[in-house]
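Just below is one structure, and these are the notes that go with it.
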Amino acid sequence: MTSNAPNLEAKLYQLGPMRRLDRWLNAMPHPSLVAEITPNRVALARWGKTRGTLESYAVEPVPFGAIVPSPVEVNIAQPDAVRGALRRVFSRVTGHGTDLTLLIPDPVVRVFILPFETFPRRADEARPLLRWRLKKSVPFDVEETVVSWMRQHGRDGSLNAHAVVVLGSTLATLPLLEERGATLLVRISGRTLTTVIVQGGNLAVYRSGEMPSDVGALEPQIILDEIFPAIAYYQDTWEVMVDRVRLSGFGPREEIFRQALSDELNIPVGPLAASDQALWLPSTARDLMSEDLDSVVGWMMNGGS
């Protein structure tokens, strides 16, 4: 993102053998303080030392158009409004003024699953190789792209906080998915629909695109048309079927979309909050999921506290 936020425009994953999601996520620092920025709000939460214990959290809306997720344009169109919302959540969450994890909208992050016969161990050798592979795949100058999850420097003096991890919101959500079999996550935030398939803890498919409207005006068929290519690609590549679907971000219309996907795909479809991993969560964490703060909870599940 731009305007005082670290600029992270691409995330890359090595395939062959594909690295497990938990290994990749556990390689990162894990601050207990986590902030999420979405097109319509900012949120801040602090997790306690005991896993699953929520110490405090706050959510503040931002004006329409204040945040416009994009990999190539200025993301924060109204800096004063966003900064004001951030100040308010920081004032309500205790113990800040330290390192944090920043979760940003999916369109700001480009995710690629790249096959390699061999992959350099040294970062100074791997980075040029990745940039070369990406040259024709990204809509911006690859030489100006921040690659992978390297530590980002930059501090907003008014907040006294430093983002040591910057991650797409849906990627942070993945620890909530089942590791058994293949799980399709269909997640909408604002107008952004992100489709992910995780197979036994491995990231198999990742797609993110803009919908013609937010979820309140979407027809189920539009969602089906978006997820079919991901399912087809997965089944052709992995030669197995998807076992279940998890939904996130659909709010009061969730049952409409659940029924439509269940009828069309003929597999179990349910909310992300009903996943195996989510069922053990304490009530405070489940309350956050009911407010569509699943990425904040997912980050905690990966050892963020």
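The values are calculated or read from the model by the stated rules, or taken from the named source; none is laboratory data. Predicted model, so just to flag it, every value in this text is computed and none were measured. So basically every Cβ, Gly included, is an ideal-geometry build from the backbone, and we count neighbours across all protein chains shown. When the accessible area is computed, the model is the full protein with side chains, heavy atoms only, and any ligands, DNA or RNA have been set aside. Shrake-Rupley method; radii C 1.70, N 1.55, O 1.52, S 1.80 Å.
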Report the label-to-label distance for Phe64 and Thr237 in nanometres (one decimal), using points 7 Å from each Cα along the Cα→Cβ vector. 3.7
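Please compute the net charge surrounding Glu264, taking Lys and Arg as +1 and Asp and Glu as -1 over other residues with Cβ under 12 Å from its Cβ.
Values: positive: Arg258; negative: Asp225, Asp263.
Computed value for this residue: -1.
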Carbon-plus-sulfur fraction of the accessible area of region 150-296, 1.4 Å probe, in percent? 49
Accessible-area value, Val242, 1.4 Å probe, nucleic acids and ligands omitted, Å²: 10
